Amino acid sequence: MSQSKELMIASRPDFVTELLPSAQRTALLYHLSYLCLAKFPKLERELRARATETQLLFGSSEVLLLKCAATSKNLVSTLLPGLKAAVEKDKSTLAIKSLEKARSWITEIVDKVEQMVERYDIHNNSVASCTSDVINEKDETESKIKINVEKIAKLKSDVTKLKEERKKNTEEISQIDRTIAQKNQELQNYIKQASRKHNRLGFITALVPFIGPLVNAIFGAKIDHGLAANIQALSNELSRLSNEKSNLRNMEWNIDFRLTDLQLKLASMIIENESIPDPVHLNDVQTCLSQIQQILIQIKQFWETVSVMLEALKEETFANEHFIEDSDMKEIFLNSITTAQQHWKDFGESCLHARDIFSLQKRNAYLFLEISPSSLSPDEWQKRYNAVTMELKKISPDPCAPKATAAIAQ
């Protein structure tokens, strides 16, 4: 695999669960959009079609996450035990074959994730087309009706202010992300220095692509005090930045909820005037789909990184026959494999958890499509609206936030 590709060492084994808030939010936003298009059957049908496409896409995402979990299980149950057996039996050729087999599994996953990213891109364009149709229909309808300009103008002003607040918050998160990336690169450089000076750390960095456990392993080893101090300082700084980013994300989530509430009030007022509301929630659906797409890209980069690491392990370790003959090196390597197995087991379990959520979304979250919103009474409509907004409020923006914040690489 080309070394020129952008690589990614994951912040923690459960990073894939970052998919979940956007997946859960997508169905609820579709539901709100569906409610807002009551009495407009043509647009109802179009939105139902797009939501059904999303439901099917989530089914494919479920299969992909299961594939990631299965590959992780194969690494734990086949590759790592195979490497252990190869070292114990002094057979470098067997180890190299095991690594090449693992890289073939990973290449297959990378290809499937890339295909899934393309499907999300195509689907997002389809949702954008639906949004455009709503806007066009709205323009035609509004020319025929009279609306309460003063109240709507006030709500629109409030919405604009919140959007500005969100934009500022997003810019702050982006700045923190850039700082994290810079500090993380410095930390990775220090980790490489430490691994070159300590055999066990070298093996751990080759087998465990998660920075948090790597930092913990370094603190448990006897390394140069100056290097340890630099790693400790950077780890502390990254933890601080991570906490700051988490706080900003929670603020962003709160702003989004307030913005959704205002937009729904605005939509309700316009519906009372028998006009079509702005397709704000469809825009939010596009945002959620884009977020899922970006995390899938991270998953692809993660597996590409693992492939590169395994190739490096094959070329730099097992190509040297003297390694197999060194009993001390052999013991260190076997201990590193045991450590790696647990982290890969955690990763596989997080993939299965994410897969379960996508499965649940696919089965249950789109049942609202079975009922036409135009058939609802005003009281029933309001009841559904209140229920959906409550569900939106319950969604955590960071389902996999660690109890003890670790260093982050993105």
Against the condition part of a helix (DSSP H, G or I) and touching a Ser or Thr at 6+ places or on another chain (Cβ under 6 Å), how does residue 106 come out, does it pass?
yes
Matching residues, the range 323-347, being farther than 13 Å from residue 89 by Cα, modelled with pLDDT under 80 and open to solvent by less than 60 Å² (accessible area, probe 1.4 Å)
329, 332, 333
Failed item in (1) basic (Lys, Arg); (2) over 22 Å from residue 308 (Cα atoms); (3) in contact (Cβ under 8 Å) with a residue 60 or more places away in the chain, with residue 89 passing the rest:
(3)
Output the residues belonging to the range 109-142 that are among the aliphatic types (A, V, I, L, M) and either open to solvent by 10 Å² or more (accessible area, probe 1.4 Å) or within 25 Å of the chain's Cα centre (by Cα) (or both).
109, 110, 113, 116, 117, 122, 127, 128, 135
Which of the residues belonging to the range 71-85 are touching a residue at least 40 places away in the same chain (Cβ under 8 Å) and either of a type in the set (A, V, I, L, M) or not in a helix (DSSP H, G or I) (or both)?
75, 76, 80, 83
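Pick from the range 371-409 the residues that are acidic (Asp, Glu) and either open to solvent by less than 30 Å² (accessible area, probe 1.4 Å) or within 30 Å of residue 248 (Cα to Cα) (or both): which of them is modelled with the highest pLDDT? Break it down into steps so the answer makes sense when it comes.
Taking the range 371-409 as the starting set, the residues that turn out to be acidic (Asp, Glu) are 379-380, 391, 398.
Pick out the ones that are also either open to solvent by less than 30 Å² (accessible area, probe 1.4 Å) or within 30 Å of residue 248 (Cα to Cα) (or both) and you get 391, 398.
Values: 391: 88, 398: 63.
Step by step, filter the range 371-409, then rank; the result is 391.
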With (1) at pLDDT 85 or above; (2) touching a Lys or Arg at 6+ places or on another chain (Cβ under 8 Å) as the list, and residue 350 as the residue in question, which single condition is left unmet?
(2)
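How many residues, within the range 361-370, are at pLDDT below 85 and surrounded by 12 or more Cβ atoms within 10 Å (Cβ to Cβ)? If you could, list the steps in order and put the result at the bottom.
Going residue by residue through the range 361-370, those that are at pLDDT below 85 are 362-364.
With surrounded by 12 or more Cβ atoms within 10 Å (Cβ to Cβ) added as a condition, the list becomes 362-363.
Looking only at that region, the number is 2.
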Pairing a residue in the range 239-268 that is open to solvent by 30 Å² or more (accessible area, probe 1.4 Å) with any residue that is outside any helix (DSSP H, G or I), where Cβ atoms lie under 7 Å and the two sit 6 or more apart in sequence or on different chains, gives 243/405; 246/398; 246/401; 249/397; 249/398; 250/397; 253/397
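The values are calculated or read from the model by the stated rules, or taken from the named source; none is laboratory data. Since the structure is predicted, the reported quantities are computational estimates derived from the model, not experimental observations. Cβ coordinates were reconstructed from backbone atoms using ideal geometry, including for glycine residues, and neighbour counts include every protein chain displayed. Remember, those area values only see protein heavy atoms, side chains included, never the ligands or the DNA or RNA. Shrake-Rupley method; radii C 1.70, N 1.55, O 1.52, S 1.80 Å.
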